[in-house]
Amino acid sequence: MWTSISAWRRSSRGADLIDLELNGSHFDLVPEYARPIWERWLAGPPDTVNAWADLDTRHRGAWHDLVRERGSRHSQHDRPGGHAYELDGRYVTDEPALYLALGEAVNGPGGYFGGCLAALDDCLGGTFGYTAPATLVWRDAAIARQHLSRALTSEGQPYDLLTEVLETLAAGGMTVTLA
């Protein structure tokens, strides 16, 4: 988002609020459903993993939007090859949760490590906290197997998202142990 504040005034919505007028490009209003997520992030990114776990799929997607935006602004220091990561798979029941859990496994709470297969492949190439080779221990992987093995493409074709992710990770030099 590239914008600047052109004016401000006291808000009619409360004595401790102000209204801003913005000029700029690439400015999209935050959807109403995503506002509680944005408000949780106003104080900063989460300091514990799985802060998103109680959210439904739509809100997890909004959470991931903020993770991706933050990840694109901060370059990660790649860990040396041979690092071992651990993924908490207890809440990997949908696609946003998959990428949120991967991001936190590699880069800690609120961490980014892809949002689709192409982005995951890009992250495996470096500058996103990872250097090959590495190991990922995926705890409670059976939950992801149950929920992600029968996904649909945008065209409605069935595919196994978990297998695709595991193959992408392997091709990027990450050995995955399902636990």
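Just so you know, all these numbers are worked out from the coordinates, no wet-lab data involved. Computed from a prediction, not measured in an experiment: that's the story for all the values here. Neighbour counts are summed over all protein chains in view; Cβ atoms, including those assigned to glycine, are modelled from backbone coordinates with ideal geometry.
For the reader, a short list of remarks on this structure follows.
- For Ser12, Ser6, Ser149, the sequence from fewest to most other C-beta atoms within 10 Å is Ser12, Ser6, Ser149.
- Gain in span if fully extended, Val30 to Ala171, counting 0.36 nm per residue against the direct Cα distance: 47.1 nm
- Angle in degrees between helix 57-73 and the longest Cα principal axis of the chain, rounded to the nearest 10: 90
- Counting DSSP beta bridges with both ends in the chain, the antiparallel % (nearest 5): 50
- Helix 95-107 and the longest principal axis of the C-alpha atoms of the chain enclose an angle of approximately 80°.
- Taking a sphere under 14 Å around the Cβ of Asp47 and counting the other residues whose Cβ falls inside, with K and R at +1 and D and E at -1, yields a net charge of +1.
- Close amide H partners of Leu87, meaning residues 5 or more places away or on another chain with modelled amide H under 5 Å apart, are Val137, Trp138, Arg139.
- Within the shell of other residues whose beta carbon sits under 13 angstrom from the beta carbon of Trp38, the net charge comes to -2, with Lys and Arg scored +1 and Asp and Glu -1.
- Taking the C-alpha atoms only, the angle from helix 161-171 to the longest principal axis of the chain is near 70 degrees.
- Just checking the listed ones, His74, His59, His147: in the Gaussian network model of the chain with Cα springs under 10 Å, the one fluctuating most is His74.
- Taking only the Cα atoms of segment 29-178, the radius of gyration and Dmax are 14.7, 43 Å.
- Peptides 127-139, 164-176 ordered by average Cβ neighbours within 10 Å, highest first: 127-139, 164-176
- Estimated FRET transfer efficiency (Thr48, Ser154; beta-carbon r; R0 25 Å; 0.05): 0.15
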